[in-house]
Amino acid sequence: MITIYTKKEISAIRESCKIVCRILRRIKEFVEPNVRTLEINKKIAKMIKEEGASPAFLGYRGFPRESCISTNEVVVHGIPGQQKLKQGDLVSIDIGVVKNGFYGDAAITYPVGKIDDEKRRLIGVTEKALYRGIEKAIVDNRISDISAAIEDAVLNENCLPVRELVGHGIGRNLHEEPQVPNFRSRDIGPKIEEGMVIAIEPMINLGTWEVETMEDGWTVVTKDRKPSAHFEHTIAIVNGSPEILTQE
């Protein structure tokens, strides 16, 4: 069942989303070679606390950290640890917070120092796909219109969207209906309505769309171990059009 949120509720979701936005902007300065992903996570945890919010990911289905930090072939759900970032890496940082009972969620893929042309292209393609999808999030379109726009944005770039992981509704819970695929499927999905709040998050690979989950039960990697990128915004349908809540 899809929750339709009031303007007052969207205002509360917006507050959580702005927190995520501010943290993602601030954390960029710490993304550099030789920094351990656990150290970045510690800074994120401190920032969340300073904002008067709580981490949405910590303890969610047993997840052990406050953020997901995924490098190169890791698509999503990377667990911050002792791994050091290296010159030329891609690193995706995914942050969710909850404040006053409402959630915000967003992700950005950053370059670590100077990266090669293919990785730079992948970042550009994935971010472009996110905004192409957002453009289709208007009243009376369907979720499938978002999915088709994302897929179209990447197929012409010799990249492929991951098919096993999707975007989602968000609000009073971190994950709600509807699912928001990044590819065409037989299911056209529900109509987009005023007051819907969804997280659109293309996960785009340079190689195959296929992925697998590592033994830790969380870390999702590309099957061919080629790089992946991930961008995410939480949006609300306001006055018939998408408002990006995780953006200042």
Exercise for the section: Could you list which residues have their amide H under 5 Å from that of Arg142, counting only those 5 or more apart in sequence or on another chain, with H placed in the peptide plane? Expected result: Ile192
Completion exercise
Note, the stretch 243-248: 3J(HN,Hα) by Karplus (6.51, -1.76, 1.60, θ = phi - 60°), whole Hz, Gly/Pro = x, goes 10, 7, 7, 8, 8, 9
Handout entry: Among Ala149, Ala229, Ala199, residue whose mean-square fluctuation peaks in a GNM of the chain (springs only between Cα atoms under 10 Å)
Key = Ala149
Handout entry: Under 30 Å from Lys114, Cα to Cα: lysines that are on another chain or at least 8 residues apart
Key = Lys18, Lys28, Lys42, Lys43, Lys46, Lys84, Lys86, Lys128, Lys223, Lys226
Problem - Residues in the stretch 81-96 reached by a label modelled at Lys42 [backbone nitrogen below 12 Å; 7 Å Cα→Cβ] - result: 81-82
Handout entry: Derived scalar couplings ³J(HN,Hα) [the stretch 220-234; Karplus, 6.51 cos²θ - 1.76 cosθ + 1.60; whole Hz; x for Gly, Pro]
Key = 9, 10, 5, 5, 8, 6, 7, x, 9, 10, 8, 10, 8, 10, 8
Exercise for the section: Identify which of Met47, Met203, Met214 has the largest mean-square fluctuation in a Gaussian network model of the chain, with springs joining Cα atoms closer than 10 Å. Expected result: Met214
Practice task
Take Thr208, Thr37, Thr219 and order them by how many other Cβ atoms sit within 10 Å, fewest up front.
Solution key: Thr208, Thr219, Thr37
Exercise for the section: Quick one: which residues, 5+ away or cross-chain, put their amide H under 5 Å from the amide H of Val35? H built at 1.01 Å from N. Expected result: Leu85
Problem - Calculated from backbone phi, Karplus (6.51, -1.76, 1.60) coupling profile of the stretch 154-169 in Hz, x at Gly/Pro - result: 10, 4, 6, 10, 6, 10, 9, x, 4, 9, 8, 10, 9, x, 6, x
Completion exercise
Highest GNM mean-square fluctuation among Glu39, Glu73, Glu201, for the chain with Cα springs under 10 Å, belongs to Glu39
Practice task
Mind listing the long-range amide H neighbours of Met196? Cut-off is under 5 Å, sequence gap 5 or more, other chains count too, H placed in the peptide plane at 1.01 Å from N.
Solution key: Tyr5, Ile237
Problem - Among Ala45, Val221, Ile108 - extreme Cα towards positive end, dipole of the chain, charges at beta-carbon - result: Ala45
Problem - Sites matching trypsin sites (Lys or Arg not before Pro) across the stretch 100-208 that sit in DSSP coil, with at most 11 neighbouring C-beta atoms within 10 Å - result: Lys114, Arg186
Practice task
Just need the relative contact order of the chain here, percent rounded to a whole number, with Cα pairs under 8 Å and 6+ apart.
Solution key: 23 percent
Handout entry: Under 16 Å from the Cα of Lys99 - aspartates and glutamates, other chains or at least 8 residues apart
Key = Glu9, Glu15, Glu50, Glu51, Glu66
Problem - Cβ-Cβ FRET estimate between Gln247 and Lys114, R0 fixed at 30 Å, reported to 0.05 - result: 0.65
Completion exercise
Taking r as the C-beta separation of Glu164 and Thr6 and R0 as 25 Å, the FRET efficiency to the nearest 0.05 is 0.15
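Where a number appears in this text, it was derived from the coordinates with a stated rule and is not lab data. The model shown is predicted, which means the values in this text are computed figures rather than measured ones. FYI the Cβ positions are ideal-geometry reconstructions off the backbone, even for glycines, and counts take in every protein chain you see.
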